[in-house]
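The values are calculated or read from the model by the stated rules, or taken from the named source; none is laboratory data. Keep in mind that this is a model prediction, so the values were computed, not measured. Cβ: placed from backbone, ideal geometry, glycine included. Neighbour counts: every protein chain shown.
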Amino acid sequence: MKILGISAFYHDSAAALVVDGQVAAAAQEERFSRTKNDAQLPVSAIRFCMTQAGIDLGQIDHVVFYEKPWLKFGRIAAVAADIAPRGYQGFGRAARIWLGGKAMQRQTISTALRALPGGNRWSGSLLFSEHHISHAASAYFPSPFDEAATLTIDGVGEWATTTVGVGRGGDLAVHKQIEFPHSLGMLYSAFTAFTGFAVNSDEYKVMGLAPYGEPRFVQTILDRLVDVKPDGSFRLDMSYFDYCAGSRMTNPRFDALFGRPPRPANTPITQQDMDLAASIQKVTEEIVIRMTRAISTETGLRNLCLAGGVALNCVANGKVLRDGRFERLWVQPAAGDAGGALGAALACHYLRNHAPRASGRNDAMAGAFLGPEFNDTEIAIALRRAKMVGKRLGPCPLIEETVTAIVAGKVVGWFQGRAEFGPRALGARSILADPRNPQMQSQLNLKIKFRESFRPFAPAVRREDLTDWFDLDADSPYMLIVADVAAKHRRTMTVAEQALFGIDKLKVPRSTIPAVTHVDYSARIQTVTHESNPLFHDLLTAFKARTGCPVLVNTSFNVRDEPIVLTPDDAIRCFRRTEIDVLVLGSYFLRREDQKRFSRTDEMAKADPQPMIYTVY
């Protein structure tokens, strides 16, 4: 049975292919189109999935869309009627969008599918899953658990904004839900917009900004904006929000509550912005903790699976794990809408087709390495096309040369194997550096990533060295759990340093690995095993042998507001536009100083992406 899952038409569209219950391929459309959070029908991602499996559309049994469009439109219409006449203008815009195309998604998808290879022979069915079922399925079915509770929290699907379910074997059912407009995802996004960041893409910046502030608005939020019950259920006071009317997230009453209008984008971040970020982060953590405690009590289960955009809040995830109500936690690496494509396919396989689920499985996401890969021949063609020079090395010399560069303070672009599915680079499309360097965090932000100075970087650590360096003893393969750096590696701050506020905190090294230690001594950890990524694990092992430190800075191979690189051409363009010192593409090792002089604005930076070439293994 071959099932193709699709998410599209809102943000972060993706495609995923499940073959006989196994995840064969998955990719986000943005990686191909080079448009951040691309919402278009993921035609390129679909083509890749079929090519990777060596099939065409004529061999697909079912295509499943990740939500039910008419239910979503029904919610939009019902909410507009409820707040009329205030929502009339917003509903008018939505109606034109939906009636002009979105509501015809079955026809749109079918037409696009018929144009794909084998489309004229396709006799399978086009199905529609429910949004939160897709999310829950994406978390439970790839997990290593035979039974688990599921918690999905996001902005909104059709009606649901929060759902609780239980998975046992090949069965999964949702038992409780909170409905729109009461949404923890929307509440967090409201503060994202109010502090000057982009909704549906920059929520992680608010999470990263939070440790610079003081949570002095927590009680204001709890008293005025959200009523939270002991079990974590909640209701928002909608008189402070405007997202139902479709014009903006908050309104003048919200502004008055905090004594100012929203911060305009790209203006200086104030101490109040930091305090607001700290406050909404703390409220979010409190709500999630109350929910998970209640779920543990109600279900008696010891495993928990998380999905939905709020599941990308790795600080909250870490606190859930440390709370101890669940023994094990598993988070879908593509927890947002991209993962809904995978969940839709898995829901069809197990819930519609009633397929049995094998026990004793390992992580079925294969380390999230589910995207395209390129062999050395294809890489060599890309290098010749770009007139780049480098040397081809065997695995051991390649690792030794890379370690030498990192120890010397160089920044390395690392491009290996199949691309990651989800928002995190996990050692396939990564930028690597020495975490011991106290200048590396600012150097990476300002000269490589071209992004805000406050943004932290994540450590990749060998799983076997995890407890020696961090206060965590659980797998975190997808960089979705935050924990503190171990006490023995922390640096004691002086009284003057402890008195610093806001961004000034950034100036003080917190540990022996300052480039990956946030201002509150925390780190967003990726654990690496030899089984999940042998070459990356070998690199960490070699770095430890040279330095005594089994940790590397691992950040995504891209610059601000661009998708992570996918192809060798993407990697070369990024290398040429930034101050990355070394580029490792497959077996090829390239130094910046060996290249012909070029500027960041040369034709490679402006060129359209090269045609995709895939290797199927």
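Do you know which of the residues in the stretch 339-364 that are among the small types (Gly, Ala, Ser) and in contact with a Pro (Cβ under 8 Å, 6 or more places away or on another chain) is modelled with the lowest pLDDT?
Among them, the one singled out is 364.
Quick check on my filter: what residues within the stretch 148-171 are surrounded by fewer than 24 Cβ atoms within 10 Å (Cβ to Cβ), under 21 Å from residue 18 (Cα atoms) and touching a residue at least 40 places away in the same chain (Cβ under 8 Å)?
169, 170, 171, listed by residue number.
Residue 564: in a loop (DSSP other than H, G, I, E, B), among the aliphatic types (A, V, I, L, M) and either buried (at least 20 other Cβ atoms within 10 Å of the Cβ) or outside the structural domain of residue 596 (by TED's automatic domain parsing) (or both), yes or no? First the steps, then the outcome.
Numbers: in a loop (DSSP other than H, G, I, E, B): yes; among the aliphatic types (A, V, I, L, M): yes; either buried (at least 20 other Cβ atoms within 10 Å of the Cβ) or outside the structural domain of residue 596 (by TED's automatic domain parsing) (or both): yes.
Yes; evaluated as a whole, the condition is true for this residue.
What are the residues in the stretch 11-30 that are over 14 Å from residue 342 (Cα atoms) and either touching a Lys or Arg at 6+ places or on another chain (Cβ under 9 Å) or among the hydrophobic types (A, V, I, L, M, F, W, C) (or both), if any?
30
In the stretch 74-128, how many residues are modelled with pLDDT under 85, farther than 18 Å from residue 7 by Cα and of a type in the set (D, E, K, R)?
Result for the stretch 74-128: 4.
Limited to the stretch 191-201, what total is found for residues that are surrounded by fewer than 20 Cβ atoms within 10 Å (Cβ to Cβ) and free of Cβ contacts under 8 Å to residues at least 60 places away in the same chain?
Of the residues in that region, 1 qualify.
Checking the conditions here, which among 466, 472 is touching a strand residue (DSSP E or B) at 6+ places or on another chain (Cβ under 6 Å), part of a loop (DSSP other than H, G, I, E, B) and not assigned by TED's automatic domain parsing to the domain that holds residue 266?
On the way: 466 fails: part of a loop (DSSP other than H, G, I, E, B).
From the options 466, 472, the qualifying one is 472.
How about the stretch 179-238: which of its residues are among the small types (Gly, Ala, Ser) and outside any helix (DSSP H, G or I)?
Of the stretch 179-238, the ones among the small types (Gly, Ala, Ser) are 183, 185, 189-190, 193, 196, 198, 201, 208, 210, 213, 232-233.
Once the filter is applied, which keeps residues that are among the small types (Gly, Ala, Ser) and outside any helix (DSSP H, G or I), the stretch 179-238 yields 183, 196, 198, 201, 213, 232, 233.
Here's a check for you: in the stretch 555-587, which residue that is among the acidic types (Asp, Glu) and within 16 Å of the chain's Cα centre (by Cα) is farthest from residue 374 (Cα to Cα)? Break it down into steps so the answer makes sense when it comes.
Restricting attention to the stretch 555-587, the residues satisfying the condition of being among the acidic types (Asp, Glu) are 561-562, 569-570, 579, 581.
Filter once more, keeping what is within 16 Å of the chain's Cα centre (by Cα): 561-562.
Working: 561: 24, 562: 21 Å.
Residue satisfying both the conditions and the ranking: 561.
Counting only residues that are surrounded by 22 or more Cβ atoms within 10 Å (Cβ to Cβ) and either in a loop (DSSP other than H, G, I, E, B) or aliphatic (A, V, I, L, M) (or both), how many does the stretch 24-38 have? Outline the logic, then answer.
Initially, the stretch 24-38 is screened for residues surrounded by 22 or more Cβ atoms within 10 Å (Cβ to Cβ), giving 25-32, 38.
Then drop every residue that is not either in a loop (DSSP other than H, G, I, E, B) or aliphatic (A, V, I, L, M) (or both), which leaves 25-27, 29, 38.
Of the residues in the stretch 24-38, 5 are surrounded by 22 or more Cβ atoms within 10 Å (Cβ to Cβ) and either in a loop (DSSP other than H, G, I, E, B) or aliphatic (A, V, I, L, M) (or both).
Restricting to the stretch 111-131, what's the tally of residues that are part of a helix (DSSP H, G or I), touching a helix residue (DSSP H, G or I) at 6+ places or on another chain (Cβ under 9 Å) and either surrounded by fewer than 19 Cβ atoms within 10 Å (Cβ to Cβ) or not hydrophobic (A, V, I, L, M, F, W, C) (or both)?
Filtering the stretch 111-131 for residues part of a helix (DSSP H, G or I) gives 111-114, 119-121, 131.
Those left that are additionally touching a helix residue (DSSP H, G or I) at 6+ places or on another chain (Cβ under 9 Å): 112-114, 119-121, 131.
Restricting the remaining residues to those that are either surrounded by fewer than 19 Cβ atoms within 10 Å (Cβ to Cβ) or not hydrophobic (A, V, I, L, M, F, W, C) (or both) gives 112, 114, 119-121, 131.
Going through the stretch 111-131 one residue at a time, the tally reaches 6.
Filter the stretch 435-446 for residues that are part of a loop (DSSP other than H, G, I, E, B) and surrounded by fewer than 24 Cβ atoms within 10 Å (Cβ to Cβ) and give the result.
Looking only at the stretch 435-446, we keep the residues that are part of a loop (DSSP other than H, G, I, E, B), and these are 435-439.
Selection gives 436, 437, 438, 439.
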